[in-house]
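Student: One structure is given below, represented as structure tokens, and several questions about it will come after.
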Amino acid sequence: MNSGPERKGRLTFTQIRGWIDEIAHQTEIRTIIFAGGEPLLLGPDIFAAISHARLRCLSTRLVTNAYWALNDARARDICQKLVDAGLDELNISIDDFHLPYVDPLNVRRAFQAARRMDFQSVVVVHCTGPTTTFNDEQLDALLGEQLPRLFDGARERT
């Protein structure tokens with residue numbers, strides 16, 4: 001993956017639709033993951049892409065940093081649009097890389113709004129390592145609950 005605020009490239013809906021069609025017809029892949037950079041920067045195209053994948057009988061997951069959850073009403077609105085488009089799973093990322101760019105309160109608002117919606121799952125992705133400054137206890141305090149922890153193959157927190 002090579003993403004970050006300095007990257008300015010953008011996929012068009014036509015490109016995304018073509019890849020979804022190719023995947024649906026020529027592979028056994030059954031889940032499309034929209035990740036980034038930040039897929040919601042695509043605006044209406046991301047909702048159209050999710051809907052198109054649903055029409056092709058593909059499940060969908062979106063990975064976001066929740067930059068868009070500036071207040072509770074906006075968080076609910078975007079989550080509802082994702083549900084209406086047919087999104088199955090929402091993953092929200094927060095870690096040392098994201099914190100300089102996204103207010104942690106956005107993550108909390110997005111998480112709380114998403115938990116009230118009809119997603120198959122809502123996941124908070126928090127990567128840690130030896131030099132991590134944002135830790136599990138801070139995440140629990142931010143979200144107001146302790147989420148289950150999963151680990152990578154090396155049994156390190158992911």
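Student: How many of the residues making up the range 83-103 are more than 15 Å from His126 (Cα to Cα) and buried (at least 22 other Cβ atoms within 10 Å of the Cβ)?
Tutor: 1
Student: So, of the residues in the range 9-35 that are assigned to a loop (DSSP other than H, G, I, E, B) and β-branched (Val, Ile, Thr), which turns out to be nearest to Val122 (Cα to Cα)?
Tutor: Among those that are assigned to a loop (DSSP other than H, G, I, E, B) and β-branched (Val, Ile, Thr), it is Ile29.
Student: Give me the residue from the range 60-73 that is open to solvent by 40 Å² or more (accessible area, probe 1.4 Å) and in contact (Cβ under 8 Å) with a residue 12 or more places away in the chain and, out of that set, nearest to Asp21 (Cα to Cα).
Tutor: Arg61
Student: Check whether at least one residue in the range 47-58 is open to solvent by 50 Å² or more (accessible area, probe 1.4 Å) and modelled with pLDDT under 95, and report yes or no.
Tutor: Among the residues of the range 47-58, not one is open to solvent by 50 Å² or more (accessible area, probe 1.4 Å) and modelled with pLDDT under 95, which makes the answer no.
The values are calculated or read from the model by the stated rules, or taken from the named source; none is laboratory data. These numbers were taken from a predicted model, which means no experiment stands behind them. Using ideal geometry, Cβ is built from the backbone for each residue, glycine included, and neighbour counts are taken over all protein chains shown. These accessible areas exclude ligands, DNA and RNA; they are computed on the full protein's heavy atoms, side chains included. Shrake-Rupley method; radii C 1.70, N 1.55, O 1.52, S 1.80 Å.
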